[in-house]
Amino acid sequence: MFRFPRPWSKKRGKRFVGTQLRSILWEVAFYSGVFMLGVFVLSLVLLNRFSPETTQDLSVDALEDNSLSVWVFSILALAAMGSGAGGMLYRLMSVGASSERRSAMANRAGSIELIVPSSDDIARLPSVPRGAALTDSPGERLTYRLASENSQAGELMGPAILALLWNTVWFILLAVVVLGFWYGSPRYILAGLLVPFGTIGYWSFRYFLSHLRRFAGIGPTIVEISDHPFYAGHKYRVHVSQAGRLKFRSLSVRFVCEEETIFAQGTDVRVERHEVFTQELCDEKNVRVDPEVPWEQQFTLDLPRNAMHSFVGAHNAIRWKIIVTGEARPWPSFCRNFLVVVHPPGLPLRRSPR
């Protein structure tokens with residue numbers, strides 16, 4: 001029996017009713033349609049108001065009577081364009097993030113703290129990042145849920161901008177052709193250009209959706225820790241969860257200390273990174289991830305006693321990360337980093353509010 005595909009997904013505990021990837025594609029397509037509808041309506045309004053074919057036979061009183069409808073439809077079109085562009089941008093920015101992380105991003109967008117030394121800690125820890133924003137989201141299994149350092153939105157913005165701009169031009173051209181036929185002055189050359197322009201617009205939108213499908217098909221990676229910040233010589237629990245619907249050739253979790261150096265070479269500024277410490281927490285082969293039950297593992301992280309603490313300077317930095325790496329086909333391989341802060345020894349331990 002044929003069933004119409006549901007353009008949404010619903011979460012019940014850990015189980016999803018419907019396909020989450022399908023809901024993302026439907027949502028992006030809806031916001032794109034709203035934006036294009038606003039572009040088309042605004043083009044019709046402006047061309048109908050200011051084109052010579054429509055104004056030469058109208059009196060001044062008729063133009064004044066028509067001004068109210070012009071303002072109404074213009075405001076509605078601008079509202080559609082703003083809501084469509086804003087909704088699609090927000091959806092692309094949250095690709096690969098969990099529902100809890102998206103909620104934390106929305107609630108704390110005005111108070112996000114960068115991983116730089118805080119002014120409150122200058123006297124005591126002048127070059128150690130406080131990292132309070134790294135743990136702004138409580139965990140489900142452990143105390144804190146970490147935020148990913150990587151963002152997939154940057155790789156999707158190029159195809160998205162190409163598809164939106166080209167299809168915007170096509171809808172403006174369509175409005176010009178429609179008004180030409182409506183007022184009895186058809187533009188056959190522009191009408192003929194609609195076919196090749198529409199083909200390119202269709203290809204660009206499919207190219208964007210294929211990129212979105214590839215990146216959104218790999219579900220969110222969730223990393224939770226038992227305490228934060230870390231201190232040398234202590235043990236901590238780490239919980240890793242990977243959602244999606246795919247089979248990994250390999251899936252690994254590592255705890256890494258990375259040294260970063262910024263220097264000038266001629267007129268160029270170069271950044272070099274080198275891993276000085278690596279602790280393998282997990283390295284599994286042929287991992288199958290079910291869309292209803294994500295892959296979950298809990299590990300014990302042992303921080304050495306002689307570990308260097310986190311450091312951020314003008315040209316050097318020491319960063320500690322939990323890195324989750326996966327290799328899958330036909331989905332693209334991914335590497336997602338989760339920053340943590342290691343404090344120097346001798347400081348009093350900060351107790352968890354839990």
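One table, with the values for the structure above:
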quantity: Span from the segment 241-268 Cα centroid across to the segment 180-198 one, whole angstrom; calculated: 51 Å
quantity: Highest-first arrangement of 236-248, 262-274, where packing means the average Cβ count within 10 Å; calculated: 236-248, 262-274
quantity: Segment 226-351 - charge dipole about Cα centre, Lys and Arg +1 at Cβ, Asp and Glu -1, debye rounded to 20; calculated: 240 debye
quantity: Virtual paramagnetic centre 7 Å along Cα→Cβ of Lys235, amide N under 11 Å, in segment 298-335; calculated: 300-303
quantity: Calculated FRET efficiency for the pair Phe50/Val276, C-beta based, R₀ 41 Å, to 0.05; calculated: 0.05
quantity: Hypothetical label at Leu25: residues of segment 231-249 whose amide nitrogen lies under 20 Å (7 Å Cα-Cβ projection); calculated: 243-248
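Readers should treat all values here as calculations from the given coordinates under stated rules, not as data from a laboratory. As the structure is a computational prediction, the values presented were derived from the model and not from experiment. With ideal geometry, Cβ positions are generated from the backbone for all residues, glycine too; neighbour counts draw on all protein chains shown.
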